[in-house]
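*Asks:* Supplied in structure tokens, the structure appears directly below.
The values are calculated or read from the model by the stated rules, or taken from the named source; none is laboratory data. Everything numeric here is computed off the predicted structure, so don't read it as measured data. Neighbour counts run over all protein chains shown; Cβ positions are idealised from the backbone, glycine included. When the accessible area is computed, the model is the full protein with side chains, heavy atoms only, and any ligands, DNA or RNA have been set aside. Shrake-Rupley method; radii C 1.70, N 1.55, O 1.52, S 1.80 Å.
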Amino acid sequence: MDENKINETPENTENKATEPAKKDENPNKITFFEIFILILLIICIGLYISPNFLLKAENRKNALVQTNASIFTSKALSEFSINSKVKASVVSKKLVEELNAVNKNPFSKKASAYCIIDKCEHNGSVKISPDDKINSITVEAYTNDNILLVRTVIQPPSFVTYTRDLTSLEKQNKKRKK
């Protein structure tokens with residue numbers, strides 16, 4: 001017991017009392033862990049928002065394919081209104097050559113925007129199928145995933161049956177958002 005009292009001098013007791021109060025750390029200092037959590041939070045928000053941007057870009061491309069289909073339809077109607085006795089295959093070949101020089105395929109720069117159904121291999125192309133027996137042209141536009149966007153049947157003199165099927169496309173977009 002006497003040894004403990006000898007070690008406890010007034011100088012030793014003062015040092016023990018002041019040691020816990022001598023912290024030089026700043027309480028407002030940001031730690032590495034907090035920076036890591038902030039970076040993870042920013043990454044999570046970015047991943048949550050990014051599918052919307054990708055879907056908007058794909059929807060814009062689909063809208064361009066629909067626009068290409070409507071351009072072909074209006075040009076074919078004007079050709080048939082000028083001369084209703086012309087064959088559908090002649091009109092479709094003429095318009096495919098003319099419009100491919102002007103319009104582009106939104107999904108592929110190398111692919112053509114319009115193609116006749118026998119020679120069509122590319123996604124995003126407007127597929128044209130002329131039928132000389134009944135003198136009609138069927139115009140079909142598909143997405144990059146081969147989902148039908150628009151189907152139009154043109155018969156002279158200026159008769160159009162227009163079908164727009166977005167139900168399967170809307171279902172696919174809802175699945176992607178989940």
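*Asks:* Mind checking which residues of the stretch 102-119 are under 17 Å from Thr73 (Cβ atoms) and not small (Gly, Ala, Ser)?
*Replies:* Selection gives Val102, Asn103, Tyr114, Cys115, Ile116, Ile117.
*Asks:* Any idea how many residues of the stretch 12-33 are open to solvent by less than 90 Å² (accessible area, probe 1.4 Å) and at pLDDT 80 or above?
*Replies:* Adding up the residues that qualify gives 1.
*Asks:* Has the stretch 30-50 got any residue that is outside any helix (DSSP H, G or I) and of a type in the set (S, T, N, Q)?
*Replies:* Yes; the residues of the stretch 30-50 include at least one that is outside any helix (DSSP H, G or I) and of a type in the set (S, T, N, Q).
*Asks:* Filter the stretch 46-71 for residues that are touching a residue at least 12 places away in the same chain (Cβ under 8 Å) and of a type in the set (D, E, K, R) and give the result.
*Replies:* Of everything in the stretch 46-71, those that are touching a residue at least 12 places away in the same chain (Cβ under 8 Å) and of a type in the set (D, E, K, R) turn out to be Glu58, Arg60, Lys61.
*Asks:* Something else now. I need every pair where a residue in the stretch 104-133 that is among the aliphatic types (A, V, I, L, M) has its Cβ under 7 Å from the Cβ of a residue that is modelled with pLDDT under 85 and open to solvent by 30 Å² or more (accessible area, probe 1.4 Å), sequence separation at least 6 or different chains.
*Replies:* Between residues of the stretch 104-133 that are among the aliphatic types (A, V, I, L, M) and residues that are modelled with pLDDT under 85 and open to solvent by 30 Å² or more (accessible area, probe 1.4 Å), the close pairs are Ala111/His122; Ile128/Ile117.
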